[in-house]
Amino acid sequence: MNLTLEALRILDAINRKGSFAAAAMELDRVPSALTYSVRKLEEDLDVLLFDRRGHRAKLTSAGLELLTEGRHLLRAADELEQRVKRIATGWEVELRIVMDSIIPFEKMLPLIDAFDREGSGTRLRFSFEVLSGVWESLLTGGADLAIGAAYDGPDMIHMSGGFQTRPLGAIEWAFAVAPTHPLAALPEPLTASVIQQYRAVAVGDTGRALPSITSGLLTGQQTLTVPSLGAKLMAQLAGLGCGHLPRAMAAPHFASGALIEKQTLEAKPSGRNQIAWRTASRGKSLKWFVSRLTEPATQRMLLES
């Protein structure tokens, strides 16, 4: 006989149960059938798989190697079977979700927990991008669903017919500086010409092919570019620059005095964040997330404190 998954399952059961009889009971087979299968496999491979001396069936070194590697095949076969079953019932094997870093990942944890209770078996793969990088990930096929995408996105999103978008909501912004920053002592409202003289802290756009998106930066203004919103907050707390922060993020630091909110003559350009997805992806997992993300309670959870 050739090496088969059935033969590997027999070896695995005998090894775990310690005897041919106990393994036969687990597999709902007669012991003689297992004995025949093992002897036939030994003949075909021309190796001794079990040391039959003593009361307990013990694998030889060759048998142990075969079973160790064979268990990888058994797990792979089981996973394949489960994937096929999930696909047949409409659940994706994997759902790739890209998030704009404006949304802290911890805000997604209750949603992930609720999804797990569906028992779909779908693997979730999350990634973070910033501004145009979110749209680019969706356009290039790196993600099935985008959460928190800024503004309306490139024309290709709306013109190709391959994507759908829904508003997620708007984030309230506040202009913040450290108490030691020169802008902290200047009269309000701050004009653009005054702000332009001081370095801004900005989260870098992660897009590679699409035109970069900037928000709240002034022409000619010196910029400290950082990799995340958390890094932007830390830089502004340290007095290394100025800029807008989500009010929910800045509020505790306004209350403690670690940051000062300054009124500006020109408000930060507003733009609603979006959820967007590939219309070619029609699985139940994607539909579940889209449905939950359009609920007002979920949107408040993601965008507000």
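State all residues of region 39-53 that are open to solvent by 80 Å² or more (accessible area, probe 1.4 Å) and under 15 Å from L67 (Cα atoms); if no residue qualifies, say none.
Hit for region 39-53 is L48, nothing else.
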Item to check | Residues of region 228-267 satisfying the condition of being assigned to a loop (DSSP other than H, G, I, E, B) and within 23 Å of the chain's Cα centre (by Cα) | outcome: S228
Checklist outcome for this item: Within region 127-172, of all residues that are open to solvent by less than 30 Å² (accessible area, probe 1.4 Å) and part of a strand (DSSP E or B), the one farthest from R278 (Cα to Cα) is G169
Checklist outcome for this item: Flagged pairs (Cβ under 7 angstrom, 6 or more apart or on separate chains; first in region 8-22, at positive phi; second open to solvent by less than 40 Å² (accessible area, probe 1.4 Å)) are G18/A57
Checklist entry - Looking at region 268-281, is at least one residue crowded, with 19+ Cβ neighbours inside 10 Å, touching a strand residue (DSSP E or B) at 6+ places or on another chain (Cβ under 8 Å), in contact (Cβ under 8 Å) with a residue 60 or more places away in the chain and in a helix (DSSP H, G or I)? => result no
Item to check | Number of the exception - L265 against (1) in contact with a Pro (Cβ under 8 Å, 6 or more places away or on another chain); (2) open to solvent by less than 50 Å² (accessible area, probe 1.4 Å); (3) farther than 27 Å from R300 by Cβ | outcome: (2)
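Looking at region 282-305, which of its residues are open to solvent by 30 Å² or more (accessible area, probe 1.4 Å) and of a type outside the set (G, A, S)?
Here is the first cut: in region 282-305, the ones open to solvent by 30 Å² or more (accessible area, probe 1.4 Å) are 282, 284, 287-288, 291-292, 294-297, 299-301, 304-305.
Of everything in region 282-305, those that are open to solvent by 30 Å² or more (accessible area, probe 1.4 Å) and of a type outside the set (G, A, S) turn out to be R282, K284, K287, W288, R292, T294, E295, P296, Q299, R300, M301, E304.
Restricting attention to region 195-220, and to residues there that are over 29 Å from the mean Cα position of the chain (by Cα) and open to solvent by 20 Å² or more (accessible area, probe 1.4 Å), which single residue is nearest to R300 (Cα to Cα)? Walk me through how you get there before you give the answer.
Initial filter on region 195-220 (over 29 Å from the mean Cα position of the chain (by Cα)): 195-200, 217-220.
Now drop any that are not open to solvent by 20 Å² or more (accessible area, probe 1.4 Å), which leaves 196-199, 217-220.
Values: Q196: 33, Q197: 36, Y198: 33, R199: 32, L217: 27, L218: 30, T219: 33, G220: 35 Å.
This residue is L217.
Kindly indicate whether V98 is among the aliphatic types (A, V, I, L, M), surrounded by 13 or more Cβ atoms within 10 Å (Cβ to Cβ) and assigned to a helix (DSSP H, G or I). Can you show your working first?
Values: among the aliphatic types (A, V, I, L, M): yes; surrounded by 13 or more Cβ atoms within 10 Å (Cβ to Cβ): yes; assigned to a helix (DSSP H, G or I): no.
No, not satisfied.
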Checklist entry - In region 173-183, what count of residues is obtained for those that are open to solvent by 20 Å² or more (accessible area, probe 1.4 Å) and assigned to a helix (DSSP H, G or I)? => result 1
Item to check | Given (1) surrounded by 16 or more Cβ atoms within 10 Å (Cβ to Cβ); (2) in a strand (DSSP E or B); (3) not basic (K, R), number of the condition T225 does not satisfy | outcome: (1)
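Considering every residue within region 284-299, establish whether at least one is without any contact (Cβ under 8 Å) to a residue 24 or more places away in the chain, small (G, A, S) and in a helix (DSSP H, G or I).
Residues of region 284-299 that are without any contact (Cβ under 8 Å) to a residue 24 or more places away in the chain, as a first pass: 287, 291, 295-297.
Those still in the list that are small (G, A, S) too: 291, 297.
Filter once more, so that each one left must be in a helix (DSSP H, G or I): 291, 297.
Looking through region 284-299, at least one residue is without any contact (Cβ under 8 Å) to a residue 24 or more places away in the chain, small (G, A, S) and in a helix (DSSP H, G or I).
Applying the selection to region 142-165, what residues are among the small types (G, A, S) and in contact (Cβ under 8 Å) with a residue 40 or more places away in the chain?
Quick first cut of region 142-165, residues among the small types (G, A, S) only: 142-143, 146, 148-150, 153, 160-162.
Across region 142-165, the qualifying residues are G142, A143, A146, G148, A149, A150, G153, G161, G162.
On the basis of being over 25 Å from S137 (Cα atoms), aliphatic (A, V, I, L, M) and open to solvent by 30 Å² or more (accessible area, probe 1.4 Å), does L237 make the cut? It would help to see each step written out before you state the result.
Working: over 25 Å from S137 (Cα atoms): yes; aliphatic (A, V, I, L, M): yes; open to solvent by 30 Å² or more (accessible area, probe 1.4 Å): yes.
Answer is yes for this residue.
Considering only region 101-126, state which residues are in a helix (DSSP H, G or I) and free of Cβ contacts under 8 Å to residues at least 60 places away in the same chain.
Start the filter on region 101-126 by keeping residues that are in a helix (DSSP H, G or I), which leaves 105-116.
Within region 101-126, F105, E106, L109, I112, D113, D116 qualify.
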Checklist outcome for this item: Flagged in region 94-123 as under 14 Å from the mean Cα position of the chain (by Cα) and basic (K, R), in numbering order, are R96, K107, R123
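The values are calculated or read from the model by the stated rules, or taken from the named source; none is laboratory data. Bear in mind that the values here come from a model prediction, so they are computed numbers and not experimental data. For neighbour counting, all protein chains shown are included, and Cβ atoms are generated from backbone atoms with ideal geometry for every residue, glycine included. For accessibility, only protein heavy atoms count, side chains too; no ligands or nucleic acids. Shrake-Rupley method; radii C 1.70, N 1.55, O 1.52, S 1.80 Å.
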